[in-house]
Amino acid sequence: MDAGELAGASGRWDLLGEAALVVDGVVVDGPERIADLVERALAAVPKPASQLRAQLLARQAYDAASRGRLDDARELSAAALTLAQRTGDPAAILACLRARHLAVAGPDYSDERSRLGHQAVGLAARGLPVGAMWGRIWRVDSAFELGSLAAVDSELLALKTVADSLHYPLAQWHLLRLRAAREALVGRFAAGEQHAAAALELADALQDPSLRTLHWAFLYSVAHVRWATDTAQGFPLPAEQIIDFLISTPGMPPVGRASLIGLYLLLERRDEAHEVLRQMVAQVEGYPVDGAWIVTVELLADGAAHLGDVEAAAVLYPLFAPYGHLMIAGGTGALACDGSASRTLGRLALLLGRPEIAEGHLRDALRLEDRMGARPFAAMSRLHLAEVLLARGGTGRLTEAAGLARTALETMRALDMPGRAAVAEGIAAAINAALADRTAFTAREREVVALVAEGMSNLQIAQRLYLSERTVETHVSHVLAKLGGSTRVDIVTWAMSTGTA
């Protein structure tokens, strides 16, 4: 800062500009002084000095985005990038791409962030290999959000090549934490935790305490999906330590505060969870729609669903509704990918008493999660859809709900999601009880159902049970009437979904 003051006093605009940039990425006291220095440098630098001017504008954009002034950040970063591209200078272009990426980190700009990543990757051919590192990282984040596991895997493979060639510890750290997120997404929780542990070793070597905080965030995300207070590898989750950190850290961003809700719920401290939820929902409409916004609102929505807070759901649903086509992942470094945003919308819609809308959202979520191979999240969507169908009633819906709940339970058990599996057992039992009450088959009808499910014709059933074929036809008609079905396929489907077959 003193160098900047001296440069300004001497009239050396070039030194003033360099002094304003040298603090980039360095934590110093008095951010207002830095902003003032950048502004004075911009005023002093002649218009033709476009390379330096572009980097100064990028610095302004970066600061604006960091402070939540996203409209300003987008305007400044667009001007900076245009100017840098005119110069053709790779370092200036990368600085402006990074500023632009932060300015458009919110969920409205997933496609643009992927394109920015492509531009950054191209800088490697122009002598700036670190551009390829940032570009691949951004494209992984975008691929998570847009729901393409194939693209995630392709970009991770390319990022490994870049990280191996750079011999840059930060590149290896990013690779490991993104691999952890990928493994957790598909339900390989223990493998994800192993990648995260390796990333933590690198973080400790880099002596950056903020990276340990991100490790905690990953462990919490896995615990939340499994709904367990231990890790997939059997170690206790440091929940109390994480809570103390989140509460005691000044200026904790909304995504950190929102994490408190799930942690409190895991520890069965519902009153504390509800208090945080109420405070944050009262402020949520003022939060900047930045890279952490979609994760923050999803955490609030999850808390509202767990706590049955209809008022919170009424605030959150319209905010989240435009993003149902996305997967939930941060736009500035995905620590985890938490399944489809449509699943969150479905849960909120059910809480708001709109089961038909909830069903549509959850079917959308299930299609996306199945396509992406996101097994734990698809299991959760199946279970929530089963809840909706149970609420809507009707034999056909209950039959489908029974199959969905059973499949969800099998997946949750297979993936070691103990808390989720316990909930699924209760929902499956409620569905089967409702279905039994509705169908109320006679003993003879149950025999006929079992034999139809084995693939027997009416004549074969008649011969097995020593009945006339006409009597069997009557029993089949009664069964179909109770199921609300029209063909023998409906009987087979019901029998398989309820375990009768």
Measuring from its Cα centre, the chain shows a charge dipole (+1 at each Lys and Arg Cβ, -1 at each Asp and Glu Cβ) which, in debye to the nearest 20, is 1240 debye
Label model pair ALA430, SER154: point-to-point distance (7 angstrom along the Cα→beta-carbon line) in nm is 4.3 nm
Once SER477 and GLU39 are pulled to full extension, the length gained, defined as 0.36 nm per residue separation minus their Cα-Cα distance, is 149.5 nm
Simple SL model, points at 7 angstrom along Cα→Cβ for THR229 and SER210; separation in nm is 3.2 nm
Between the alpha carbon centres of segment 64-139 and segment 461-501 the gap in Å comes to 64 Å
Expressed in angstrom and rounded, the centroid-to-centroid distance over alpha carbons for segment 147-169 and segment 350-385 is 30 Å
Between HIS306 and TYR466, the two model label points (7 Å from Cα along the beta-carbon direction) sit apart by a distance in nm of 5.9 nm
The relative contact order of segment 404-501, taking Cα pairs under 8 Å that sit 6 or more residues apart, comes to a percentage of 25 percent
Sorted by chain and number, the residues with a modelled amide H under 5 Å from that of ASP230, at a separation of 5 or more or across chains, are LEU237
Expressed in Å to one decimal, the Kirkwood Rh of segment 441-498 from all distinct alpha-carbon pairs is 11.0 Å
Sorted by chain and number, the residues with a modelled amide H under 5 Å from that of GLY330, at a separation of 5 or more or across chains, are LEU335, ALA336
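What number, in percent, do you get for the relative contact order of the chain if the mean sequence gap of Cα pairs under 8 Å and at least 6 apart is divided by its residue count?
On the way: 761 pairs, mean separation 49.2, N = 501.
About 10 percent, as a whole number.
Test of the criteria: in segment 99-141, which chymotrypsin sites (Phe, Trp or Tyr not before Pro) are in a DSSP loop and have at most 12 other Cβ atoms within 10 angstrom of their Cβ? Don't skip to the end; give the middle numbers.
On the way: sites: TYR109, TRP134, TRP138; in loops: none.
Sites meeting the loop and neighbour criteria: none at all.
Each value in this text was obtained by applying a stated rule to the coordinates, not by laboratory testing. Since the structure is predicted, the reported quantities are computational estimates derived from the model, not experimental observations. Quick reminder, even Gly has a Cβ in these numbers, built from the backbone with ideal geometry, and neighbours come from all protein chains shown.
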